[in-house]
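Data first, discussion second: the structure below is written as structure tokens.
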Amino acid sequence: MKMKKEDRKGRWHTAIKILIVLFVISFVASWFLSIFMEDDFRMQEGNVAVIPIKGIIITENYNVFGQEVADSPTIVNFIEQADKNPQIKAIIFEINSPGGAPVATDEIASAIERTNKTTVAWIREMGTSAGYWIASSCDTIVASRMSTTGSIGATIAYLEFSGLLKDYNITYQRLIAGRYKDIGSPFKAVSEEERMLLQKYLDRLHGYFISSVAENRGLPEERIRELATGMIYLGEEAKELGLVDVLGGKREAVGLIEHKLNITAELVEYKKEPTLADILGGVFSRQSFFVGKGIGNSLMDARQFSGIEVWT
């Protein structure tokens with residue numbers, strides 16, 4: 001019996017070693033290949049860049065199975081590369097996003113506003129909240145009549161376990177420096193004063209959203225404020241409200257550019273293909289992050305002891 005246990009233990013150790021070796025080899029091979037593949041999009045021929053913005057808009061670049069994200073560093077880099085490329089005459093942003101983080105949104109929107117190229121937002125299925133904020137930064141917005149647009153608003157979300165702790169007679173010990181340091185902690189109920197402070201913060205963020213859309217769309221701020229209830233609109237309704245310029249899809253977006261610039265459009269997609277290292281890294285380092293993100297962020301975040309998340 002003793003020999004069998006040692007046998008099993010030896011097999012486990014061997015299997016773990018093999019997995020580690022395979023992972024290291026895959027990572028190194030992927031990194032080596034990425035040196036040559038990294039800038040493939042720059043070598044492709046074309047005069048109209050297509051930059052996809054799909055999934056939740058965030059500031060970090062990572063990959064997880066089943067979780068498509070649009071990270072601002074990559075997208076901003078694509079915008080800047082397209083702007084520097086003399087062959088590129090216009091940029092189409094293919095948007096299919098429900099929204100995302102305010103900072104990431106502002107970084108992408110600012111990069112669009114800085115470019116000297118003609119810009120067209122193409123809202124395919126969904127361009128809501130932060131997705132719409134980015135779309136409004138473009139010269140023209142094209143949206144499918146069946147698409148979901150708008151949702152001009154912001155939200156703060158956090159978990160609260162205070163009732164559960166009370167039920168199980170668990171005490172929350174509060175040691176902080178700064179009276180609002182643990183605002184939004186899941187272990188205590190938010191006080192009325194804290195709720196007002198959070199709402200004030202949220203209203204200010206909402207105001208930035210409203211003023212940016214109003215300026216981008218050339219509409220009175222009062223008009224956008226009327227529409228900024230967080231409500232979503234079908235593309236057709238959004239056009240009637242002045243939030244969208246043209247109903248249609250890729251063909252209409254391309255046609256607009258060809259008509260405006262008097263060119264025959266040749267599209268080139270600026271899209272970073274995931275390397276093997278990205279895929280493996282997503283599996284090993286980020287899968288658990290997303291599985292436990294709601295609870296993990298609330299229990300203990302590396303940056304702050306707060307479960308608050310802010311989204312536009």
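The values are calculated or read from the model by the stated rules, or taken from the named source; none is laboratory data. All figures in this text were calculated on a predicted structure; none of them were measured in a lab. Positions of Cβ are generated from backbone atoms using ideal geometry, with glycine treated the same way; all protein chains shown enter the neighbour counts.
Summary table below
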quantity: Elements of type helices (runs of 4 or more DSSP H) in the range 184-260, at least 3 residues being under 23 Å from Ile92 (Cα atoms); calculated: 192-217, 235-241
quantity: Which listed residue is surrounded by 11 or more Cβ atoms within 10 Å (Cβ to Cβ), within 29 Å of Thr148 (Cβ to Cβ) and at pLDDT below 95, from Leu247, Leu205; calculated: Leu205
quantity: Val76 being modelled with pLDDT of 95 or more, β-branched (Val, Ile, Thr) and under 20 Å from the mean Cα position of the chain (by Cα); calculated: yes
quantity: Where a residue in the range 233-254 is at positive phi and its partner, wherever it lies, is surrounded by fewer than 17 Cβ atoms within 10 Å (Cβ to Cβ) and among the hydrophobic types (A, V, I, L, M, F, W, C), with Cβ under 9 Å and at least six apart; calculated: Gly242/Leu219
quantity: Failed item, numbered, when Ala214 is tested on (1) farther than 20 Å from Gly127 by Cα; (2) free of Cβ contacts under 8 Å to residues at least 12 places away in the same chain; (3) aliphatic (A, V, I, L, M); calculated: (1)
quantity: Filter result (touching a residue at least 60 places away in the same chain (Cβ under 8 Å) and in contact with a helix residue (DSSP H, G or I) (Cβ under 7 Å, 6 or more places away or on another chain)) within the range 158-183; calculated: Tyr158, Leu159, Ile183
quantity: Lone unmet requirement of (1) surrounded by 17 or more Cβ atoms within 10 Å (Cβ to Cβ); (2) at pLDDT below 95 for Gly230; calculated: (1)
quantity: Exclusive hit being under 20 Å from the mean Cα position of the chain (by Cα) and either in the same structural domain as Ala101 (by TED's automatic domain parsing) or hydroxyl-bearing (Ser, Thr, Tyr) (or both), set Ser162, Ser191, Ser147; calculated: Ser147
quantity: Per-region count, the range 165-183, residues surrounded by 11 or more Cβ atoms within 10 Å (Cβ to Cβ) and assigned to a loop (DSSP other than H, G, I, E, B); calculated: 7
quantity: Qualifying residue in the range 108-122 (condition: part of a strand (DSSP E or B), in the same structural domain as Leu234 (by TED's automatic domain parsing), touching a Ser or Thr at 6+ places or on another chain (Cβ under 7 Å) and over 21 Å from Ile58 (Cα atoms)); calculated: yes
quantity: Search result, residues across the range 135-145 that are outside any strand (DSSP E or B) and either out of contact with any Gly (no Cβ under 8 Å at 6 or more places or on another chain) or at pLDDT below 95 (or both); calculated: Ser136, Ser137, Cys138, Asp139
